[in-house]
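What follows is a set of notes on a single structure, which appears directly below.
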Amino acid sequence: MTTMLGLDLAGRRVVVVGGGPVAARGVQALLADAARVVVVAPAVCEPLRDLHRWGLLEWVQHEVTADDLDGAWLVHAATGDRATDAAVVGWADERRVFCTGASPGAAGSARAPATTQSGDVLVGVLSTGASDPGRTTEVRDALAAHLRDGRVDLRARRLRSADEGRVVLVGGGPGDLGLLTLAGRRALATADVVVVDRLGPVDVLDELAPDVEIIDVGKTPGHHPVPQHEIGRILVEQAQRGRTVVRLKGGDPFVYGRGGEEVLACRRAGVPVDVVPGVSSAFGVPAAAGIPLTHRSVVGAVHVMNGHDGWSSAGLVGLRDATCTVVVLMGVAALPDLADRALEFGADPATPVAVVESGTLHGERVTRARLDEIAAAAAEAGVRAPAVIVLGAVAAPGLLDVSPEGALDVPDEVTAEHDTMAT
């Protein structure tokens, strides 16, 4: 029978016998566990030589003897010579020291599992029969993919103290569940409570365990039932109860997501907080709608604005620059006023504008018009939030059309100049 144990090797003497690539891989894993590694070999490969030169391991430069195993907590036989490895296994048995062997005929008294890790959960795979590294590696990789997708409930079940609570701000992307990052899914797999907005990939909540607490703090235009300072208080209070709190936000937390304010609220209260970036709606929504925010020989800069705050001077200047794209988030209600101000500032009335509603979702719709006509066109179409507004040459219909009428004529000299700059 094989029993799998987790060993704490930090600061403990581990002897690795052998100096080749197999030994080097074992050494790397042991160093990651903070073991005090001693390599016994007359010669070592370059990676081990570098680790020795950097002071990360001790190198005993001679053929192994039984005495080299004295004082070891664990031995790894990896010379590649079956007889030598078998001798090392025997010497370890005499000293009642567990030993792993890399040679088929010298398996040793211990066996190293193929491992994968997600957060603080380490999963190991062992074969209870004859050693079969190919099979254990394949099983390990399948489990790793399952963990990576966030499909496993990884919440801690033991009672935790208040100082173990933490907050993770997760950018959920513009709405399509497929655009939630793997890191975001993994964070959700550890959540005791999820504080969620109305935007973003809310369908992922259906995949969580039934007893994960969901706190809805979503805002709608003109209706903010849970003010921002209260959201900060909720995050801190939940974390101070020793819970893992995931703040699931649409887009990216730091692109008009008020993520910075929530990080500050946690840090002021002494609560650990991490941020998982997300696909910003400012970039993901236009891309999904087939609108490139930059396009060689057409546009080379992007300015992102918050429509709630009105036109900034930088945004207005961007509209007067034909080589700049302006992207407006949360600007549907203010669109008529924003268009009027842009025209007053001198923006070209013929500037193409595209309004993308429910970007990346099933109900995605794009409304296009000139700047001087976009407010009327949006009203006629009944455009509603959430929507992303794109202003500039890239918003013109047919930009990516490959037909002779829509294709862009990029001069050879421009192509050559761009290629030179890229290299």
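The table below gives the values:
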{"read-out": "Of residues in segment 269-292 being small (Gly, Ala, Ser) and surrounded by 18 or more Cβ atoms within 10 Å (Cβ to Cβ), the one farthest from ARG365 (Cα to Cα)", "value": "GLY278"}
{"read-out": "Every pair of residues 6+ apart whose Cβ atoms lie under 6 Å, when the first sits in segment 8-37 and is in the same structural domain as GLU63 (by TED's automatic domain parsing) and in a loop (DSSP other than H, G, I, E, B) while the second is of a type outside the set (A, V, I, L, M) and crowded, with 23+ Cβ neighbours inside 10 Å", "value": "GLY18/THR79"}
{"read-out": "Condition met for VAL88 (more than 30 Å from VAL202 (Cα to Cα), surrounded by 13 or more Cβ atoms within 10 Å (Cβ to Cβ) and β-branched (Val, Ile, Thr))", "value": "yes"}
{"read-out": "Count - residues of segment 363-407 that are modelled with pLDDT of 95 or more and among the hydroxyl-bearing types (Ser, Thr, Tyr)", "value": "1"}
{"read-out": "Top-ranked residue of segment 91-116 - restricted to ones that are among the polar types (S, T, N, Q) and not in a loop (DSSP other than H, G, I, E, B), ranked as surrounded by the fewest Cβ atoms within 10 Å (Cβ to Cβ)", "value": "THR115"}
{"read-out": "Verdict on LEU51 being assigned to a helix (DSSP H, G or I), in contact (Cβ under 8 Å) with a residue 24 or more places away in the chain and farther than 23 Å from PRO133 by Cβ", "value": "yes"}
{"read-out": "Options SER109, SER127: the member that is in contact with a Lys or Arg (Cβ under 7 Å, 6 or more places away or on another chain) and over 23 Å from GLY232 (Cβ atoms)", "value": "SER127"}
{"read-out": "Single match in LEU343, LEU316 (criterion: surrounded by 19 or more Cβ atoms within 10 Å (Cβ to Cβ) and within 27 Å of SER297 (Cβ to Cβ))", "value": "LEU316"}
{"read-out": "Output for segment 90-111, where each listed residue is under 24 Å from ARG135 (Cα atoms) and modelled with pLDDT of 80 or more", "value": "PHE98, CYS99, THR100, GLY101, GLY108, SER109, ALA110, ARG111"}
{"read-out": "Given (1) within 23 Å of GLY257 (Cβ to Cβ); (2) free of Cβ contacts under 8 Å to residues at least 40 places away in the same chain; (3) assigned to a loop (DSSP other than H, G, I, E, B), index of the condition LEU154 fails", "value": "(1)"}
{"read-out": "Qualifying positions in segment 133-151 - farther than 28 Å from VAL204 by Cα and either in contact (Cβ under 8 Å) with a residue 12 or more places away in the chain or exposed (fewer than 12 other Cβ atoms within 10 Å of the Cβ) (or both)", "value": "PRO133, GLY134, THR136, THR137"}
{"read-out": "Number of positions in segment 364-377 that are among the aliphatic types (A, V, I, L, M) and over 16 Å from ILE291 (Cβ atoms)", "value": "3"}
{"read-out": "Out of GLY290, GLY278, GLY270, GLY331, sole residue that is over 20 Å from VAL394 (Cβ atoms), in a loop (DSSP other than H, G, I, E, B) and in contact with a strand residue (DSSP E or B) (Cβ under 9 Å, 6 or more places away or on another chain)", "value": "GLY278"}
{"read-out": "Condition met for ILE215 (surrounded by 14 or more Cβ atoms within 10 Å (Cβ to Cβ), farther than 26 Å from ASP176 by Cα and without any contact (Cβ under 8 Å) to a residue 60 or more places away in the chain)", "value": "no"}
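The values are calculated or read from the model by the stated rules, or taken from the named source; none is laboratory data. Just so we're clear, the structure is a prediction, and the values are computed from it rather than from any experiment. Positions of Cβ are generated from backbone atoms using ideal geometry, with glycine treated the same way; all protein chains shown enter the neighbour counts.
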